[in-house]
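Presented below is the structure to which this report refers.
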Amino acid sequence: MRGDMKGPILCLHGPPGIGKTSLGRSIARALGRKFHRIALGGVKDEAELRGHRRTYIGSMPGSIIQALQALGTSNPVILLDEVDKMAANAMFNPQATLLEVLDPEQNGSFKDHYLNTPFDLSRALFICTANDSSQIDRPLLDRMEVIELSGYTLEEKVSITESHLLPKQRRLHALELEAPKADMQLIDAKGEVDQIEIVQIKEPRLVLTPEAITSLITKWTSESGVRSLERRLAQICRWASLRIQGLDLPRNTASGDTEHQAALSSCGPSEKGIVVVDAYHLPYIIGAELFEPDIAERLVVGVAMGLSVSSVGGQLLFVEATRTRGSGRLTVTGQLGKVMTESVETALSLLRSRFVRRGGTSDIRDVSSTVVRSDVLSLLYSKRAPGDKESSSADSAAADRDPFKGEDLHVHFPAGGIPKDGPSAGVA
């Protein structure tokens, strides 16, 4: 409402590929301001932001002043992309330079080394993007208004694919029928008149069914954004272009080629030159499925489900446990950090503290606070391996007091090639 209010420093924080840069462009378009993007990934010298002194050979202003000079205005929207990936070492810390640029109390007299005179940056709107806020210096993060952006849901990805990604890839691969719209006369440099045709999009030559789009998202991509999805769509468009031209990639064997052609025979092209791709055709076009979307089959006895969160999004994390005869040892595998290993040990100690037998009768302490039903607990007390014999009354009493005595426990976190650590895995 004022028109001259100093803009806040926004930080769009979220996984890659969800449109943070596009959101910055949309903000500039909505405000009616010019837009400029500055890539900060790998920047390790403050001179790239603040400029070089004119005593150096090849000196020039910093990227901030160069952006204002290129736009020709003092109130643009400047996007500082990947601010968390600026390189810092013992000699240089370029994030400290951004303190003066982004602080509303200081950027009114920003001094570039090349200009060597104060310049007012308070009218510009700065927007930062980051994937991991923990990599940003705390003093710099305190000057930002962090906006958390989550990944896209399945329904949102389907809508983005149908309205934007698929039409874009079809245009790039010329998979659109063209029909004449109008004629236009063009006068060339010699004064001669050329008659040209203006064409318009009539009907696409590649059609993906809704089932194919959903299957492509759930079985061939696993990401918060849509970059991998766009690459898969481009792969399908390249195959469709070859299909329309009567070409196809050969298979490794004759039998494989025959099966491939038989499966894709229903794709087309039709008499109008249109290729229709269904979910059944995808494995023969882009290869075998990469991910398993149906998780219900994995939820059996001994498997729990948790949630892992990282700077690139989140995914389900399964925890598998089994027990065998042994000496009461606990084994934890899956490349876990120290915190998660301690969470497993804490969970086992909690179970042992809840499972108590007194005087030969079952007496479960504080059953209401546990997550296990009483019938399951009774089964746990009574279950012994086949062929076990009662050794002595003392050993039997000790076994009654500790239902895990004489049994080894193995807890495994799948995807052992990926390091895992965090403070909230104890419940799972």
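The values are calculated or read from the model by the stated rules, or taken from the named source; none is laboratory data. This is a predicted model, so every value here is computed, not measured. In this analysis, Cβ positions are derived from the backbone assuming ideal geometry, glycine residues included, and neighbour counts consider all displayed protein chains. Side chains included, ligands, DNA and RNA excluded: accessible areas come from the protein's heavy atoms. Shrake-Rupley method; radii C 1.70, N 1.55, O 1.52, S 1.80 Å.
Which net charge results when you count Lys and Arg as +1 and Asp and Glu as -1 among the other residues whose beta-carbon is under 12 Å from that of LEU99? Mind showing how you got there, number by number?
Values: positive: ARG50, ARG138, ARG143; negative: GLU46, GLU100, ASP103, GLU105, ASP137, ASP142.
Summing Lys/Arg as +1 and Asp/Glu as -1 gives -3.
Taking region 15-99, which chymotrypsin sites (Phe, Trp or Tyr not before Pro) meet the DSSP loop condition and have no more than 15 other C-beta atoms within 10 Å?
TYR56
Of the listed peptides 95-101, 109-115, what is their order by residue-averaged count of other C-beta atoms within 10 Å, with the highest listed first? Numbers along the way, then the final one.
Details: 95-101: 19.3, 109-115: 16.7.
Descending packing order for the listed peptides: 95-101, 109-115.
Nearest 20 debye, what's the magnitude of the dipole of region 27-121 about its Cα centre given +1 on Lys and Arg Cβ and -1 on Asp and Glu Cβ?
340 debye
For region 1-158, evaluate the Debye formula with one uniform point scatterer on each Cα (no solvent term) and list log10 I(q)/I(0) at q = 0.13 Å⁻¹, rounded to two decimals.
Values, matching the q order: -0.61.
Whole number in Å², please: accessible area per residue of region 35-114, 1.4 Å probe, ligands, DNA and RNA not counted. Present the calculation step by step, with values, prior to reporting the outcome.
Values: 3880 Å² over 80 residues.
Per-residue value: 49 Å².
Under 5 Å between amide hydrogens, which residues at least 5 positions from LYS111 or on another chain qualify, with H placed 1.01 Å from N in the peptide plane?
When sequence neighbours closer than 5 places are left aside, the close amide H contacts are PHE119.
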